[in-house]
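**Student:** Below is a structure I'd like to ask you about.
The values are calculated or read from the model by the stated rules, or taken from the named source; none is laboratory data. All values derive from a computational prediction rather than experimental measurement. Don't worry about glycine lacking a Cβ; one is built from the backbone with ideal geometry, like all the others, and counts go over all protein chains shown. These accessible areas exclude ligands, DNA and RNA; they are computed on the full protein's heavy atoms, side chains included. Shrake-Rupley method; radii C 1.70, N 1.55, O 1.52, S 1.80 Å.
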Amino acid sequence: MAMASMSFSLPNLNLRRVNRYSGMAFASVNKETSTTVGVRVTEGEGNLPKVVLTSPHGSEAEIYLFGGCITSWKVPSGKDLLFVRPDAVFNKKKPISGGVPHCFPQFGPGAIQQHGFARNLDWSVVDSDNADGNPVVTLLLKDGPYSRSMWDFGFQALYKVILNSKSISTELIITNTDNKPFSFNSALHTYFSASVTGASVKGLKGCKTLDKELDPANPVEGKEERDVVIFPGFVDRVYLDAPSELQLDNGLGNVITIKNTNWSDAVLWNPHLQMEACYKDFVCVENAQIGNVQLEPQQSWTAKQLLSVD
């Protein structure tokens, strides 16, 4: 794993009002706040603040500051390619179930809570831009009493989201701001709208697999032999050293190209009858870093994702 130290400054936004919540700053939504062309902060479900990115080409994305979670990515046709589960709640009592939740500093079960704490905290807007008509927003998460109560390290996470006419890209930078090293793993737990019986993924043939179907605590090692991977029932499978590009046919008329830089692994998940109300309507294809990344003080780790349609 290549790691490099980096330094940067965080510019202040010219927001009309900024409140403090649990140590994190976020734009007030008493009035809709526009920061940059194509970027605005407004009120979402449960009165939670969300950032709305709007492209002049007609695409749109929504990102909730709670969890730094992208919950919607609409292409110019108006079709939303992401999925939020019907049991999702927007009350901060649990993470938002759907979209693109963060798993950090832990993926899955382990020493701390499932999938870590990044999806349970308010992120703040620290920068916005418009590059050639493409809206850009950067969110920030830092350590605080809640995170340190279970993972006692100083860190900074910067999450940049760029919306284009037919793509949405993310860049996640994790920096060790402590005076001691730490290790972590991470994932983007992306839920895609899909017809589960018609959905399939290409690009995984030859990968080593860890199949959690029978016993999540003791996954079965294997090798993917299929050119096209489908979702015939319950699927919970890790693909180690996955390629940098996959294709998801969502079974609804869209082929989504999933590219990444430095997300070393991939995860496919569909809960089948464990979520009888909605399992037919989505699949998760996740970019992940399953093995531990170790960062020395002031070192950073960067991973990028690009989702696109033709």
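**Student:** Please state which of the following conditions Val285 fails to meet, knowing it meets all the rest: (1) closer than 19 Å to His115 by Cα; (2) of a type in the set (A, V, I, L, M); (3) in contact with a Leu (Cβ under 7 Å, 6 or more places away or on another chain); (4) outside any strand (DSSP E or B).
**Tutor:** Just one mismatch for Val285, condition (4).
**Student:** Could you tell me which residue of segment 241-256 is nearest to Ala288 (Cα to Cα), considering only residues that are buried (at least 17 other Cβ atoms within 10 Å of the Cβ) and out of contact with any Leu (no Cβ under 6 Å at 6 or more places or on another chain)?
**Tutor:** By that ranking, first place goes to Ala242.
**Student:** Can you confirm whether segment 224-231 contains a residue that is touching a residue at least 24 places away in the same chain (Cβ under 8 Å) and either of a type in the set (Phe, Trp, Tyr) or in contact with a helix residue (DSSP H, G or I) (Cβ under 7 Å, 6 or more places away or on another chain) (or both)?
**Tutor:** Yes, there is a match, as at least one residue in segment 224-231 is touching a residue at least 24 places away in the same chain (Cβ under 8 Å) and either of a type in the set (Phe, Trp, Tyr) or in contact with a helix residue (DSSP H, G or I) (Cβ under 7 Å, 6 or more places away or on another chain) (or both).
**Student:** Further, regarding this structure: Being open to solvent by less than 30 Å² (accessible area, probe 1.4 Å) and without any contact (Cβ under 8 Å) to a residue 40 or more places away in the chain is the filter here, so list the residues in segment 182-221 that pass it.
**Tutor:** Thr209
**Student:** What's the total number of residues in segment 262-310 that are of a type in the set (Asp, Glu), touching a residue at least 40 places away in the same chain (Cβ under 8 Å) and surrounded by fewer than 16 Cβ atoms within 10 Å (Cβ to Cβ)?
**Tutor:** Here the count works out to 2.
**Student:** Right, something else. For Pro135, all conditions in the list (1) buried (at least 21 other Cβ atoms within 10 Å of the Cβ); (2) farther than 14 Å from Val161 by Cβ hold save one; what is the number of the exception?
**Tutor:** Among (1) buried (at least 21 other Cβ atoms within 10 Å of the Cβ); (2) farther than 14 Å from Val161 by Cβ, Pro135 violates only (2).
**Student:** Give segment 157-203 a look and list any residue that's in a loop (DSSP other than H, G, I, E, B) and over 23 Å from Val75 (Cβ atoms), or say none.
**Tutor:** Thr177, Asp178, Asn179, Lys180, Pro181
**Student:** Just the residues that are over 21 Å from Ser264 (Cα atoms) and either within 21 Å of the chain's Cα centre (by Cα) or not in a loop (DSSP other than H, G, I, E, B) (or both), please, taken from segment 204-240.
**Tutor:** Ile230
**Student:** Looking at (1) among the small types (Gly, Ala, Ser); (2) within 24 Å of Trp263 (Cβ to Cβ); (3) part of a loop (DSSP other than H, G, I, E, B), find the lone condition where Ser77 falls short.
**Tutor:** (2)
**Student:** Hey, can you tell me all the residues within segment 77-120 that are buried (at least 17 other Cβ atoms within 10 Å of the Cβ), within 25 Å of Asp265 (Cα to Cα) and among the hydrophobic types (A, V, I, L, M, F, W, C)?
**Tutor:** Matches in segment 77-120: Leu81, Leu82, Phe83, Val84, Ile96, Val100, Cys103, Phe104, Phe107, Phe117, Ala118.
**Student:** I need the full set of residues from segment 123-156 which are assigned to a strand (DSSP E or B) and over 25 Å from Thr54 (Cβ atoms), in order please.
**Tutor:** Lys142, Phe155, Gln156
**Student:** Only one residue in Gly38, Gly98 is touching a strand residue (DSSP E or B) at 6+ places or on another chain (Cβ under 6 Å), touching a residue at least 60 places away in the same chain (Cβ under 8 Å) and closer than 12 Å to His189 by Cβ, so which one is that?
**Tutor:** Of Gly38, Gly98, the one residue that is touching a strand residue (DSSP E or B) at 6+ places or on another chain (Cβ under 6 Å), touching a residue at least 60 places away in the same chain (Cβ under 8 Å) and closer than 12 Å to His189 by Cβ is Gly98.
**Student:** Condition first: crowded, with 20+ Cβ neighbours inside 10 Å, among the hydrophobic types (A, V, I, L, M, F, W, C) and touching a helix residue (DSSP H, G or I) at 6+ places or on another chain (Cβ under 9 Å). Can you find one or more residues in segment 160-175 that meet it?
**Tutor:** no
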